[in-house]
Amino acid sequence: DIFRTSTTNIALPATFSMGSLAGKTVILIRHGESLGQAARKNGIDRKSDESLIDCGLTRKGQTQAYELAQNSQLDNVDLVVVSPLTRALVTALCAFKKRPDIPIICHAGARERGSTLRPIPENRGRPFNIVRKDLAR
């Protein structure tokens, strides 16, 4: 199981300086297809259905994430900084499954913002310890 072996590399630092990336190449990766993105075709209201809170990936999204591992641009990655939202974490864990040496840092600054007045359920995060527990299953 990819999560059982990989989640030990995930950290939630108290501070993280983007200045420490000086002289590094930064690659931005969007998460695979999420359950929220597929909601409409499954008859689910994306804007209000509470089952989508911090939702994960669809099968298609998981396949996209695993295929990402084949991208040679990722061969020299030294560090992964990822949103603490489940869909982003799962994408990173799938994409870097064969690279357990790479630290994965969750950073709230990498989170999707969406509406700040009433965020849609998929953009509402859960406590990190709960997300980590779910990923380890």
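Assorted remarks:
- Residues in region 73-86 carry Karplus couplings, in order, of 5, 8, 4, 9, 5, 9, 7, 10, 10, 9, 4, x, 6, 3 Hz; the curve used is 6.51 cos²θ - 1.76 cosθ + 1.60 with θ = phi - 60°, and Gly or Pro positions show x.
- Approximate spin-label separation Y66-V26, in nm, with each point projected 7 Å along Cα-to-Cβ: 3.2 nm
- Taking 0.36 nm per residue of sequence separation and removing the Cα-Cα distance, the H107/D75 pair yields an extension gain of 9.3 nm.
- Exposure rank, largest accessible area first [I105, I130; 1.4 Å]: I130, I105
- Accessible area (Å², per residue) of region 32-127, counting only protein heavy atoms and a probe of 1.4 Å: 56 Å²
- Under Karplus coefficients 6.51, -1.76 and 1.60, residue-wise ³J(HN,Hα) of region 120-137 in Hz, glycine/proline x: 5, x, 5, 9, 8, x, 10, x, 4, 4, 6, 4, 4, 4, 4, 5, 6, 5
The values are calculated or read from the model by the stated rules, or taken from the named source; none is laboratory data. What you are looking at is a predicted structure, and each value in this text was computed from that prediction instead of being measured. Heads up, the Cβs are rebuilt from the backbone with ideal geometry, glycines too, and the neighbour counts pull from every protein chain shown. For the accessible areas, the whole protein counts, side chains as well, though only heavy atoms, and no ligand, DNA or RNA atoms are used. Shrake-Rupley method; radii C 1.70, N 1.55, O 1.52, S 1.80 Å.
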